[in-house]
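Working notes for the structure below.
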């Protein structure tokens, strides 16, 4: 957190992407990390295990629930606001069936968290970059409409890749922001949690991430910055660029220029 603050950045997403069914950080260390973040005015979130799949068989779903609870427990210790997670792959299930299973599992996780007294952490299903994954904008919003203690995580690059180049104009970004506001309310969109990078994609969706300086790839952060300024949003924007902090600083500067226009 101190290094981020020195760079003029104020958000950090802790990577718990290889975790199993128990938190792989001691409570004492998580609390120390929380203290350091607060001291440096850095907002924390946590990215949950990549092994979560709420669309699998019963054994996979139960293991996924345990993983998400473990991540939310650690997030609670470090006072991270959001636990970002990938909902899963459709596999052989029709999308509607996969969604129903994911919805039920997520409700179970929230009930479990309530039992543990964890109410200050939101679970954040992320929009996903491949059509084989559960995580269209519609699915993520529907999960958040139907499960309490959730918030959408908008990965702009994933949406861009999933829809084969969705974001070409300011209006394309505006449409998504307006949809979120219409479905989940002003607070949900004002304080949205999102990821951003340029991305390369194929017919199968997301292929790889690119830096902001690489020409020929989208989406363009400057267009999103215009919408953030127009709607007076206060989002958390996590850089997923191959040069994480370098591009985070560039995005911050682009947004600052837009805000003073």
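The values are calculated or read from the model by the stated rules, or taken from the named source; none is laboratory data. Model, not experiment: these values are computed from the prediction. For neighbour counting, all protein chains shown are included, and Cβ atoms are generated from backbone atoms with ideal geometry for every residue, glycine included.
Are any residues in segment 34-60 surrounded by fewer than 20 Cβ atoms within 10 Å (Cβ to Cβ) and part of a helix (DSSP H, G or I), and if so, which ones? Residues satisfying the conditions are 34, 35, 36, 38, 39, 58, 59, 60.
What number of residues within segment 130-151 satisfy the criterion of being in a loop (DSSP other than H, G, I, E, B) and surrounded by fewer than 23 Cβ atoms within 10 Å (Cβ to Cβ)? I'd like the intermediate steps shown before the answer.
Restricting attention to segment 130-151, the residues satisfying the condition of being in a loop (DSSP other than H, G, I, E, B) are 130-132, 135-136, 147-149, 151.
Filter once more, so that each one left must be surrounded by fewer than 23 Cβ atoms within 10 Å (Cβ to Cβ): 130-132, 136, 147-149, 151.
Result for segment 130-151: 8.
On the basis of being touching a helix residue (DSSP H, G or I) at 6+ places or on another chain (Cβ under 8 Å) and in contact (Cβ under 8 Å) with a residue 60 or more places away in the chain, does residue 129 make the cut? Quick ask: steps written out before the conclusion?
Working: touching a helix residue (DSSP H, G or I) at 6+ places or on another chain (Cβ under 8 Å): yes; in contact (Cβ under 8 Å) with a residue 60 or more places away in the chain: yes.
So residue 129 passes the test.
Based on this model, can you work out whether residue 197 counts as without any contact (Cβ under 8 Å) to a residue 60 or more places away in the chain and crowded, with 17+ Cβ neighbours inside 10 Å? Spelling it out, residue 197 is indeed without any contact (Cβ under 8 Å) to a residue 60 or more places away in the chain and crowded, with 17+ Cβ neighbours inside 10 Å. Applying the selection to segment 155-171, what residues are surrounded by fewer than 21 Cβ atoms within 10 Å (Cβ to Cβ) and within 13 Å of residue 137 (Cα to Cα)? Across segment 155-171, the qualifying residues are 163, 166.
May I ask you to verify whether residue 261 is more than 23 Å from residue 85 (Cα to Cα) and either buried (at least 17 other Cβ atoms within 10 Å of the Cβ) or touching a strand residue (DSSP E or B) at 6+ places or on another chain (Cβ under 6 Å) (or both)? Talk me through it step by step, then tell me what you get.
Values: more than 23 Å from residue 85 (Cα to Cα): yes; either buried (at least 17 other Cβ atoms within 10 Å of the Cβ) or touching a strand residue (DSSP E or B) at 6+ places or on another chain (Cβ under 6 Å) (or both): no.
Here the answer is no, as residue 261 does not meet what is asked.
Any idea which of 67, 119 is closer than 21 Å to residue 14 by Cβ, modelled with pLDDT of 95 or more and over 17 Å from the mean Cα position of the chain (by Cα)? Steps first, please.
On the way: 67 fails: over 17 Å from the mean Cα position of the chain (by Cα).
Selected residue: 119, the only one of 67, 119 that is closer than 21 Å to residue 14 by Cβ, modelled with pLDDT of 95 or more and over 17 Å from the mean Cα position of the chain (by Cα).
For residues in segment 1-16 being surrounded by fewer than 17 Cβ atoms within 10 Å (Cβ to Cβ) and without any contact (Cβ under 8 Å) to a residue 60 or more places away in the chain, which is nearest to residue 46 (Cα to Cα)? Here the residue is 15.
The criterion of at least 1 residues that are farther than 26 Å from residue 42 by Cβ and not assigned by TED's automatic domain parsing to the domain that holds residue 135 is met by the following strands (runs of 3 or more DSSP E) wholly inside segment 162-261: 198-202, 205-210.
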